[in-house]
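Undergrad: Next up is a structure, given as structure tokens.
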Amino acid sequence: MSLKARVIAGALAIALPLVGYYEGRSLVAYLDPVGIPTICDGITQDVQLGQTKTDAECDALLAAELGQAISTVDRLAKQPQPDTRRAALGSFVYNVGAGAFERSTLLRKLNGGDVAGACAELSRWVYAKGRQLAGLVKRRAAERELCEVGLQ
């Protein structure tokens, strides 16, 4: 296992069940609540309606995409973060995308040393195309709780 893979492994082990639970799994492509073709555990890149995947293919896609999201957190956070926070933020990046994270107040607060404020920002990200989604409210609450582990 490469050093990069070992560094990501702890956060990935925490984030995988979180993302899997909130994304759900579909082996057949479908339209998500805002009309984006989606398959497996929330995979949207290069997905076409009617497409199918196996569980093994979905497992591999999820691990790769989530690993990439955690790498994004590691690259953009100025200070090393504990695995619980990396997992929470990796789940967030997996859901909203690296660009949204990079431009976010959440990242500015994190890099400014306001970790509690950064974690609190997660609760604001509950809208998709202007609609508040109950699933996002629950997911962000779980991510926030994980993000705040170890804070006073």
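Just so you know, all these numbers are worked out from the coordinates, no wet-lab data involved. Given the structure is predicted, the values throughout are model-derived calculations rather than measurements. Note that each Cβ is placed from the backbone with ideal geometry, even for glycine, and that neighbours are counted across all protein chains shown.
Undergrad: Angle between the Cα long axis of helix 83-96 and the longest principal axis of the chain, 0 to 90 degrees, nearest 10?
TA: The helix 83-96 is inclined about 50 degrees to the chain.
Undergrad: In percent, what relative contact order does the chain have, based on Cα pairs under 8 Å that are 6 or more apart in sequence? Don't skip to the end; give the middle numbers.
TA: Details: 198 pairs, mean separation 29.5, N = 152.
Relative contact order here is 19 percent.
Undergrad: Quick one: 3J(HN,Hα) in Hz for region 17-34, Karplus 6.51/-1.76/1.60 with θ = phi - 60°, rounded, Gly and Pro as x.
TA: Calculated HN-Hα couplings, in order: x, 4, 5, x, 5, 7, 7, x, 10, 10, 7, 10, 4, 8, 8, 6, x, 10 Hz.
Undergrad: For LYS138, which aspartates and glutamates qualify as cross-link partners when the Cα separation must be under 16 Å and same-chain residues fewer than eight apart are set aside?
TA: Once the sequence-local aspartates and glutamates are set aside, what remains near LYS138 is GLU23, GLU121, GLU148.
Undergrad: Mind telling me which of THR105, THR54, THR84 comes out most flexible in a GNM of the chain, alpha-carbon contacts under 10 Å?
TA: THR54
Undergrad: If N is the number of residues in region 60-152, what value comes out of its Cα radius of gyration divided by 2.2 N^0.38 Å? List each step's numbers first, then the result.
TA: On the way: Rg = 12.3 Å, N = 93, 2.2 N^0.38 = 12.3 Å.
The value comes to 1.00.
Undergrad: Related question: Percent of Cα-Cα pairs more than 18 Å apart in region 14-118, please.
TA: Above the 18 Å cut-off, region 14-118 has 48 percent of its Cα pairs.
Undergrad: Still on this structure, please answer the following. Loop only per DSSP, at most 12 neighbouring Cβ atoms within 10 Å: give me the trypsin sites (Lys or Arg not before Pro) in region 1-78, ordered by residue number.
TA: Here the trypsin sites (Lys or Arg not before Pro) that fit, given the DSSP loop and packing criteria, are LYS78.
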